[in-house]
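None of the figures in this text is laboratory data; all of them are computed from the coordinates on show. Keep in mind it's a predicted model, so treat the numbers as computed, not measured. Positions of Cβ are backbone-derived with ideal geometry, glycine not excepted, and every protein chain shown enters the neighbour counts.
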Amino acid sequence: MWRGPFLLLALLTALAVGLAGWHYFTGDDEVLPIRPVAQLTPVPITVGTVAVGLEKLPVQANGYVITQTYDVAGPYVQPTAALILVGLLGVALAIGLR
């Protein structure tokens, strides 16, 4: 009586562990994608000076420095995988409480 449901759960568990191992090595870009982030930083630059009367005033312009860094955004939850996991846990709980 109990052998069938436990065998099914054992097969599903083995499949889940196998898929987890597979995605551990191949699924990094799906869960934690590395994305380039460009940053624009203003840098004030003194171009020259202008004589106004007895004073010399600086002439300034804005320069910009562009840098690029890499950021790990996420993690992103895969809704299909989450629904399958919740379903498996629900079946395991229903069989365990039976």
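Summary table
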read-out	value
Separation in nanometres of the label points that stand 7 Å from Cα toward Cβ, at Ala92 and Val50	7.4
Loop-located chymotrypsin sites (Phe, Trp or Tyr not before Pro) in the range 63-95 whose Cβ has at most 14 other Cβ within 10 Å (DSSP)	Tyr76
Normalised per residue, the volume of the convex hull around the Cα set of the range 33-98 (Å³)	115
